[in-house]
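This report refers to the structure that appears directly beneath it.
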Amino acid sequence: MSTKEFQAKLDRVVATHPDADHAQILGRVINVFTTTARESVREAFIRIDSRPLLGARGDVWEEPYDPNLTVRHFLNKIWFRMRPLVRPFTYPDGWVLRDSGSDRLFTGMGRPWAHSQGLSEDDRSLREAGINPGSALEVVPGAHVSLALGEPLGD
C-alpha cells in the first residue's frame, strides 16, 4: 500500500467515526508511522562526502548499508566514485574516512590493517570495523595526501 493509499484509508476511517478524539489518535499514529518510516530509510544508507578531500570536484552520495558488505568492497566502491582523481591503493595514507558526527578517523582498516593481521584483504563486515547503518562519513586527507591525488586539484 502506498503512502497516499494509507492516508486515504485512514481519512475514511476518521471521517466515518463520530468520536473527534479518535481523529487525534489517528493523527498521532500517522506521525509515529511517518517518523518511523523516515528513520528506517535513513538507517538503510551510509552518507559519503568526498568534498573535504576533493573540494569542488568532490561529491556527496549515499551507499546502501549492506551488513554483509566487506570493508574491502566498501572502500573500493568509494574509491571508484573518486577515480581518476585519487590513485588506487592509497587508503589510509592518502585518504581516510572520518565519522562526521564523532570525528573518529577510520585508519585501522583496509589493506594495511589486513596485512598487520597476517591477511591479504580486509574482509571484515562494516559493523566489525565500526561503521553502522545511518553513518555519515567524510573522505579526508590521510597523512600523505600527495600519494592519493592523481592530479593537481586547483579549486
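The values are calculated or read from the model by the stated rules, or taken from the named source; none is laboratory data. Model, not experiment: these values are computed from the prediction. Using ideal geometry, Cβ is built from the backbone for each residue, glycine included, and neighbour counts are taken over all protein chains shown.
For this structure, a couple of remarks:
- Number of positions in region 78-98 that are within 15 Å of Asp49 (Cα to Cα) and surrounded by 15 or more Cβ atoms within 10 Å (Cβ to Cβ): 10
Yes or no, residue by residue, for (1) in a loop (DSSP other than H, G, I, E, B); (2) at pLDDT below 95; (3) outside the structural domain of Asp49 (by TED's automatic domain parsing):
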position	(1), (2), (3)
Leu75	no, no, no
Ile78	no, no, no
Pro112	no, yes, no
Gly118	yes, no, no
Asp122	yes, no, no
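Yes/no matrix, rows are residues, columns are (1) within 21 Å of Asn132 (Cβ to Cβ); (2) basic (Lys, Arg); (3) modelled with pLDDT under 95; (4) in the same structural domain as Glu128 (by TED's automatic domain parsing):
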| residue | (1), (2), (3), (4) |
| --- | --- |
| Val14 | no, no, yes, no |
| Asp93 | no, no, yes, yes |
| Val96 | yes, no, no, yes |
| Asp99 | yes, no, no, yes |
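- Region 99-127, subset in contact (Cβ under 8 Å) with a residue 12 or more places away in the chain and acidic (Asp, Glu), residue surrounded by the most Cβ atoms within 10 Å (Cβ to Cβ): Asp122
- Residue among Ile131, Ile78 that is under 19 Å from Gly58 (Cα atoms) and under 14 Å from the mean Cα position of the chain (by Cα): Ile78
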